[in-house]
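Working notes, beginning with the structure itself.
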C-alpha cells in the first residue's frame, strides 16, 4: 500500500541534504535511517567480539604491512 505523508519544509531540507545522489528517493533515505537505529544481530555482536579478541592477541595487519606485502610501497 502506498501512502502520502506530510512533512515540514525543514524535514524535507534535512532529507534532501542526506541524499547521496539526486536519484535517491526519500523512502530510501528513511529506510537507511531506520536500519541505522536497529539493534545489531547476535551474529554481528559475536563477530565484533571475536575481532576485538583477535586484535588484543595481535592478530591483525597494519596498512603498511599490507602495502609491503602487495608491493605497493
If you check 22, 65, which single one turns out to be within 22 Å of the chain's Cα centre (by Cα) and either at positive phi or free of Cβ contacts under 8 Å to residues at least 40 places away in the same chain (or both)?
22
Give all pairs with beta carbons closer than 7 Å in which a residue from segment 27-40 that is closer than 16 Å to residue 17 by Cβ meets a residue that is assigned to a helix (DSSP H, G or I); count only pairs at least 6 apart in sequence or on separate chains.
29/15
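Values quoted throughout were computed directly from the atomic coordinates according to the rules given, and no laboratory measurement underlies them. Note that the coordinates shown come from a computational prediction; the quantities given were computed from them, not determined experimentally. Ideal geometry is used to build each Cβ from the backbone, glycine not excepted, and the neighbour counts take in all protein chains shown.
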